Amino acid sequence: MKTLNQKNIIGILVSLIGTLLFFAINGCFVSKKVAAKSGVQLWAENCQRCHNMPSPATFSPDQWEIVGMHMQTRAQLTDKEREKIVEFLKQ
């Protein structure tokens, strides 16, 4: 019975480590895809999903920072995606 418990614990640990590795590796691929995209690409892909895209001149640079923080949560954007989009909109 003791050996069975040790095998179960080892199996759980191996599964956990495998899951963590999967998410770590998958996160790297997503980061590379985001890194390759410009702010305008990310803006077009993410903002258009839910509403008409406002003109970059609609808000001031400070207002775009606030809008970016709000929309990051709503659109489930990463920090990097939000930063690129906001930088594009502020130009």
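What follows is calculated from the coordinates using simple rules that are stated; it is not laboratory data. Since we're looking at a predicted model, the values are computed, not measured. Note that each Cβ is placed from the backbone with ideal geometry, even for glycine, and that neighbours are counted across all protein chains shown.
Details
- In this label model, residue 20 and residue 65 are separated by 3.6 nm, measuring between points 7 Å along each Cα→Cβ vector.
- Label-to-label distance, nm, for residues given as residue 40 and residue 75 (7 Å Cα→Cβ offset): 1.6
- Karplus-derived HN-Hα couplings along the stretch 61-68 (A = 6.51, B = -1.76, C = 1.60, θ = phi - 60°), whole Hz, x at Gly and Pro: x, 5, 5, 5, 4, 5, 4, x
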